[in-house]
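See structure below.
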Amino acid sequence: MSLIQFETQAGRPILTGKIIVTPIAKVLRLQIPGLQGGVIWNRPVAVLVEREDGSQEMIHVRDVTRLLLLTLASLAAGTMIFWLLSRGFRRKP
Amino acid sequence: MKEEIIIAPNEKEPAKKAAGLETIQSTLDKFLSAADVGAVYGQPIQHGDTIIIPSAEVVSGMGFGLGSGSNVEPGQESNETRNEGVGGGGGGHVFSRPVAVIIASPEGVRIEPVLDLTKIILAALTTFGFMAGMLARMSKPNKDHIELSE
């Protein structure tokens, strides 16, 4: 078994009126060979919408909370890098 | 219990180990089955013509360990009482966080994100506090330059 495995899974289609909605999830499995244990990260990625006329549309599930947290973390990291660089420039005679 | 081990130590030890490993394996299988779509998407809720599907992110981690030992070396005969033991332990954590709600109605399908405001506000306060501290340090005159000029 490999160390990291990515898998895309489709759930049971749900019929609502004339639309069929199929939820899709992405799974990340992390298992260290020889050790009893592992980590599983399962998250929703999209829903596949099938209409009566046969058209299909993939609507992505956006994790807005994560996006905002990553933006804040990037801001903090950017400030840190800027401070380190400015400190380095100042020390030069 | 102690006498049983003395009478047939070699027969009991593998059986105990096998039982322990079996328990671990079955628990691990249950843990791996959590990586299913059903774990991420909740049961659809019907409200008139509209169907609401909650979705969440699931992170789970688990680990086990098993060991055994005795006071007699393998293959060594001993007149002393043979003491042996098998032990194991494990731990795990499952974390779930709502991500979005899927609303399917005859008009169409839309996805409403779920915002964790507490987390966002705390992270924003921490980040802006950190940035303010960094900028304050940057605006201070450099001690090295002052010493040189003196």
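Remark: the range A:10-18, residue by residue, has Karplus-estimated 3J(HN,Hα) of 9, x, 6, x, 10, 8, 9, x, 10 Hz, where x stands for each Gly or Pro and the curve is 6.51 cos²θ - 1.76 cosθ + 1.60 at θ = phi - 60°. Calculated on C-alpha atoms, the gyration radius of chain A divided by its Kirkwood radius gives an Rg/Rh of 1.25. Amide H contacts of residue A:36: B:64, each under 5 Å away and 5 or more positions distant or on a separate chain (H built 1.01 Å from N in the peptide plane; Pro and chain starts excluded). Working from Cα positions, state the angle (0 to 90°, nearest 10) between the long axis of helix A:64-91 and the longest principal axis of chain A. Computed tilt is about 20 degrees.
For residue B:95 and residue B:22, the difference between the fully extended length at 0.36 nm per residue and the C-alpha to C-alpha distance is 23.7 nm.
When the trypsin sites (Lys or Arg not before Pro) in the range A:15-93 are filtered for DSSP coil states and for at most 11 other beta-carbon atoms within 10 Å of their beta-carbon, the remaining sites are A:18.
Calculate the FRET efficiency for residue B:81 and residue A:35 from the Cβ-Cβ distance with a Förster distance of 22 Å, rounded to the nearest 0.05. Let's see the in-between values first.
Working: r = 34 Å, r/R0 = 1.55.
E(calc), rounded to 0.05, equals 0.05.
By the count of neighbouring beta-carbon atoms within 10 Å, fewest first, B:60, B:55, A:86, B:26 end up ordered B:26, A:86, B:60, B:55. For residue A:51 and residue B:36, a Förster radius of 41 Å and the Cβ-Cβ distance give a FRET efficiency of 0.90, rounded to the nearest 0.05. Its Cα gyration tensor gives the range A:43-93 an equivalent ellipsoid. The semi-axes, each the square root of 5 times an eigenvalue, are 47, 10, 5 Å from largest down. Among the GluC sites (Glu not before Pro) in the range B:36-140, those placed in a DSSP loop whose Cβ has at most 11 other Cβ atoms within 10 Å are B:77, B:80, B:107.
Amide H to amide H distances under 5 Å link residue B:116 with A:65, where only residues 5 or more positions off or on other chains count and H is placed in the peptide plane.
Look at the stretch B:97-109: the mean tally of other chain Cβ atoms within 10 Å of its residues' Cβ atoms is 5.
Coordinate-derived values only; no laboratory data. This structure is a prediction, so every number in the text was calculated from the model and none was measured. Because the Cβ atoms are built from the backbone with ideal geometry, glycine has one as well, and the counts that use them run over all protein chains shown.
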